[in-house]
Amino acid sequence: MTENQNKNPSLMTLHGYGMLAWDELVELLDGFACAWGDNDGFHLDEPCPQKAPAYSHMWAWRGTSAGQDLHIARVRIDRGKAIVGILSDPGQPTLGEPTGIQSMDVSIAAGKPWGVDERRLGNGHDKEWRAREFAMLTPELPLTAQFICPVELVSELVA
């Protein structure tokens, strides 16, 4: 699934927000480009939806890894609420009011997070997201989950 992976993990900051009401998430992700799937297909580079989509996850990003306000969010959607984590470069501003902040190593790999023949995401924006290269960021934690963003945002961190 991955094509290129950084040889040395990158130091990043993980901001944990716990469970948020959906309207709190919409406010937190103002200015982010988001990606999620629903019954209309896969949405890419759209603002945070005003209502929780019928899907289990959403990813969002803004900035670049060249010190330009890089923030990469992973959202677990649970009964219309959001469990939220945001990765950022060290020293970037904290968004909102996280319940926890921790610096950690993050492995970054470029590639496709979904298989070329993936059909479960619907027909919506098939050609657009299938043509894009993404980065999968994996915090080095015992229990972890991948954060996803366009590879161009972290290209200098991928070997």
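Of the residues making up the range 19-66, those that are open to solvent by 40 Å² or more (accessible area, probe 1.4 Å) and either among the hydroxyl-bearing types (Ser, Thr, Tyr) or within 16 Å of LEU95 (Cα to Cα) (or both) number 10. Selection of the range 40-50 for residues being part of a strand (DSSP E or B) and not small (Gly, Ala, Ser) yields PHE42, HIS43, LEU44, ASP45, GLU46. Going by the conditions given, is ALA82 at negative phi, in contact with a helix residue (DSSP H, G or I) (Cβ under 8 Å, 6 or more places away or on another chain) and buried (at least 21 other Cβ atoms within 10 Å of the Cβ)? It is true that ALA82 is at negative phi, in contact with a helix residue (DSSP H, G or I) (Cβ under 8 Å, 6 or more places away or on another chain) and buried (at least 21 other Cβ atoms within 10 Å of the Cβ). Which condition number does ARG119 fail, the rest of (1) open to solvent by 40 Å² or more (accessible area, probe 1.4 Å); (2) at pLDDT 70 or above being met? Only one criterion in (1) open to solvent by 40 Å² or more (accessible area, probe 1.4 Å); (2) at pLDDT 70 or above is unmet by ARG119, namely (2). Among the residues making up the range 49-93, none is among the acidic types (Asp, Glu) and within 12 Å of GLN146 (Cα to Cα). Pairs linking a residue in the range 36-64 that is over 15 Å from ILE77 (Cβ atoms) to a residue that is open to solvent by 40 Å² or more (accessible area, probe 1.4 Å) and in a strand (DSSP E or B), with Cβ atoms under 6 Å and 6 or more positions apart or on different chains, are GLY63/ASP69.
Return the residues of the range 24-35 that are touching a residue at least 40 places away in the same chain (Cβ under 8 Å) and assigned to a loop (DSSP other than H, G, I, E, B); say none if nothing qualifies. Scanning the range 24-35 gives LEU29, PHE32.
The values are calculated or read from the model by the stated rules, or taken from the named source; none is laboratory data. Small disclaimer: the values here were computed from a predicted structure and weren't measured. For neighbour counting, all protein chains shown are included, and Cβ atoms are generated from backbone atoms with ideal geometry for every residue, glycine included. We work out accessible area using only protein heavy atoms, side chains counted, and drop any ligands, DNA or RNA first. Shrake-Rupley method; radii C 1.70, N 1.55, O 1.52, S 1.80 Å.
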